[in-house]
1. Within segment 7-33, what residues put their amide N at less than 14 Å from the label point 7 Å along the Cα-to-Cβ vector of LEU45?
2. Nearest 20 debye, what's the magnitude of the dipole of the chain about its Cα centre given +1 on Lys and Arg Cβ and -1 on Asp and Glu Cβ?
3. Rounded to the nearest 500, what is the 222 nm mean residue ellipticity of the chain from helices alone, with -39500 (n - 2.57) per DSSP H run of 4+ residues and division by all residues?
4. On the principal axes of its Cα set, how long, how wide and how thick is segment 4-127? Give whole Å, largest value first.
5. Quick check: residue separation of ASP181 and ALA13 times 0.36 nm, minus the Cα distance between them. What number comes out in nm?
6. Two decimals is fine: what is log10 I(q)/I(0) at q = 0.09, 0.10, 0.14 Å⁻¹ for the chain, from a Debye sum with one equal scatterer on every Cα and no solvent?
7. Once you place label points 7 Å from the Cα toward the Cβ at ASP140 and THR2, how far apart are they in nm?
8. For the pair LEU192 and PHE107, how long in nm is the line joining their label points, each one 7 Å along Cα→Cβ?
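Any read-out appearing in this document is the output of simple, stated calculations on the displayed coordinates, not a laboratory observation. Source: prediction; values computed, not measured. Using ideal geometry, Cβ is built from the backbone for each residue, glycine included, and neighbour counts are taken over all protein chains shown.
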Amino acid sequence: MTARVLIVEDEPAVRRLLAYNLEAAGFEVAAARDGEEALLQIEELPPDLLILDWMLPGLSGIELCRRLRRRPATAGLPVIMLTARVEESDRLRGLETGADDYVTKPFSPAELVARVRAVLRRARPAMAGELLTFADLRLDLLAHRVYRGHREVALSPTEFRLLRHLMENPHRVFGRGQLLDRVWGLDAEVELRTVDATIRRLRRALNAGGEPDLVRTVRGTGYALDLPEPEAAGFSAPGSAGR
Ligand code: CA
């Protein structure tokens, strides 16, 4: 499936450079010159990812990003913010608006394309058509198979969906209620302790070869996919800072 990227940039030269490189990389590309035009386009045909310039006439990139995050239909739309500013405070503000990643001008087109791929892979792994990976775990969405290192792990459909959800959102803690909603579905008639039981079975299956436990229990809160303690110290992926 081809991912659609919407470029929001008022400078024609940058817009063309982005469009040219993204098209060459196999993406479907649309462009808008300002925030208002972008909102209209997003409403008409939602893109899979937005490349958003910080400095736009009228509605700023930050304001547009905030508005998108507030609307349920666009709250999860992946956004890469483009900016000429390099100050750290701006960088942080960019992330606080909910941008998934941040690219400073001037940028190398190849790097930008790589960032687009990475953000899409994180946000829409099915669309990227690739494997989900975490530590030595691999989850193949197409073949519906899970591997721990070279060992194939047999999972029930529910365990598979649970693991998939955790791998799509690594390091993020989910309450049992949240997991019920997202993995079992809102109208499923299951109890919270079903989540605990499924986590237990998932852990057993994943660690059957004596591997370290990647499922972290956050007492009183829920569960997260995390690296085991020693490796976790000092670990902070830049991409995990968004949302
Ligand atoms: Ca601009």
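1. Only 7, 27-32 pass the distance filter.
2. Computed charge dipole of the chain: roughly 740 debye.
3. That comes out to -11500 deg cm²/dmol.
4. Cα extents, longest axis first: 31, 31, 26 Å.
5. Stretched out fully, the ASP181 to ALA13 stretch lengthens by 56.0 nm.
6. Ignoring solvent entirely, the Cα scatterers give -0.45, -0.55, -0.98.
7. For the pair ASP140/THR2, the computed spacing is 2.8 nm.
8. It is 4.2 nm.
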